Amino acid sequence: MFALRRHFLNRAVRAACALATVCATGWALAQPPKPVHILVGFPPGGGSDAIARLLADKLKEPLATSVVVDNRPGAGGQIAAQVLKAAPADGTTLFLSHDHTISILPLVVKNPGYDPVRDFVPVAGIATFVNALAVSGGTPAQGFGDYVEWVKAQGGKGAVGIPAPASTPEFLVKLIGQKYQLDLVAAPYRGSAPMLADMLGNQIAAGVGSVQDFIENHKAGKIRVVGVLGGKRQAALPDVPTFDELGLKGFDDLPYYGIYAPKGTPEREVKRLSAAVAQVLALPEVRDQLTALGLTVGYMTPQQLAQRERAYTQVWRKIIQDSGFQPQ
């Protein structure tokens, strides 16, 4: 009798364990994938934020999970970059960044708190873009020549807003001042959105930022883009001359936008994320919206983005050294 009871008891225990295993497995399979966070190093309302929100909305389908934008503004993208460095390398935290944080900051800041090569892995390149000089509606300047003459009439001195210190826009302000013998001071902001707000309020006469920062207000006639970088005019701004046309050469290598993950993210996960970005960038509505922002859309593989990063960094290392700028 005792042996029979033990037999039934053992069978009951095995059945219970099997049921528990099935339930646990089913529960695990039923769990939705973790949401993906896209870090942006600037406040809402700027060009980087607009791009990230468009991509986040479209990436939900190929990634089969929610995708949210996580703004971490400050220090020209340093804060967001440091957050990425500390994030789990599981593909749930990405960083949408342009050239400034990846290629420029490590050259001009002694201790940025991250190393793009050592701490990040490229996922996908999105597009290239150009920086531009725009003037506020409070100035009489209709073109770049008018702006130069207006500054000279103010005693040759003027402040020009920039989205971040020690950035491509800051060096452009410096070079414009040198070429046209103007005493221009770069006024750094915490991103393009607050800079643009001051321009719209006529608190500052001019600003340098990406075309996507200015284009909507330019079309609305609230500010005027008077010059763009790059070797050719922009399709979205066909009447605006390039600085090459205006005599300021050496800026043909265009800045870029890319998506990065923490170092150590599994290669299969990087490939999955990169393929999802490629799928989204192939959508006509996405390409049209990004083009309307002043971007030249062009998907880059992780390897192509890494190569682009290296080449651009080399170009700007020389520009920065020639300018006499000392890392801070």
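Quick look at the numbers
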item	result
Set Lys110/Lys263; Lys157/Lys249; Lys157/Lys318; Lys85/Lys232; Lys271/Lys318 screened for pairs whose C-alpha atoms are more than 29 Å apart	Lys85/Lys232; Lys271/Lys318
Förster radius 35 Å - calculated FRET efficiency between Lys110 and Arg287, Cβ distance, rounded to 0.05	0.35
Considering only the chain, percent of DSSP beta bridges that pair antiparallel, nearest 5	60 percent
18 Å Cα-Cα reach of Lys222 towards aspartates and glutamates, excluding residues that sit fewer than 8 places from it in its own chain	Asp146, Asp198, Asp213, Asp239
Per residue solvent-accessible surface (Å²) - the chain, probe of 1.4 Å	47 Å²
Efficiency of FRET from Cβ geometry, Gln307 and Glu149, R₀ 51 Å, rounded to 0.05	0.75
Linear extension gain, Ser323 paired with Lys263, 0.36 nm per residue minus alpha-carbon span	18.3 nm
Listed candidates (1) 25.0, 110; (2) 20.4, 64; (3) 20.4, 70 - label of the one calculated as Rg and Dmax of the Cα atoms in Å	(1)
Alpha carbon convex hull of region 106-180, volume per residue in cubic angstrom	141 Å³
Kyte-Doolittle mean at least -1.0 and Cα axial length at least 15 Å: DSSP H helices in the chain	2-30, 47-63, 168-180, 267-281
Once the Cα gyration tensor of region 116-258 is diagonalised, semi-axes √(5λ) in Å	24, 16, 16
Accessible carbon and sulfur surface of the chain relative to its total accessible area, %, 1.4 Å	56 percent
Contact order normalised by residue count of the chain, Cα under 8 Å, 6+ apart, percent	24 percent
Loop trypsin sites (Lys or Arg not before Pro), region 29-137 (other Cβ atoms within 10 Å of the site Cβ: 11 or fewer; DSSP)	Lys110
Magnitude of the charge dipole, the chain, Cβ model with Lys/Arg +1 and Asp/Glu -1, debye to 20	1460 debye
Region 184-316: equivalent-ellipsoid semi-axes (sqrt of 5 x gyration tensor eigenvalues, Cα, Å)	30, 18, 17
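The values are calculated or read from the model by the stated rules, or taken from the named source; none is laboratory data. Computed from a prediction, not measured in an experiment: that's the story for all the values here. Heads up, the Cβs are rebuilt from the backbone with ideal geometry, glycines too, and the neighbour counts pull from every protein chain shown. The protein model used for the area step is the full one, side chains on, heavy atoms only, and it has no ligands, DNA or RNA in it. Shrake-Rupley method; radii C 1.70, N 1.55, O 1.52, S 1.80 Å.
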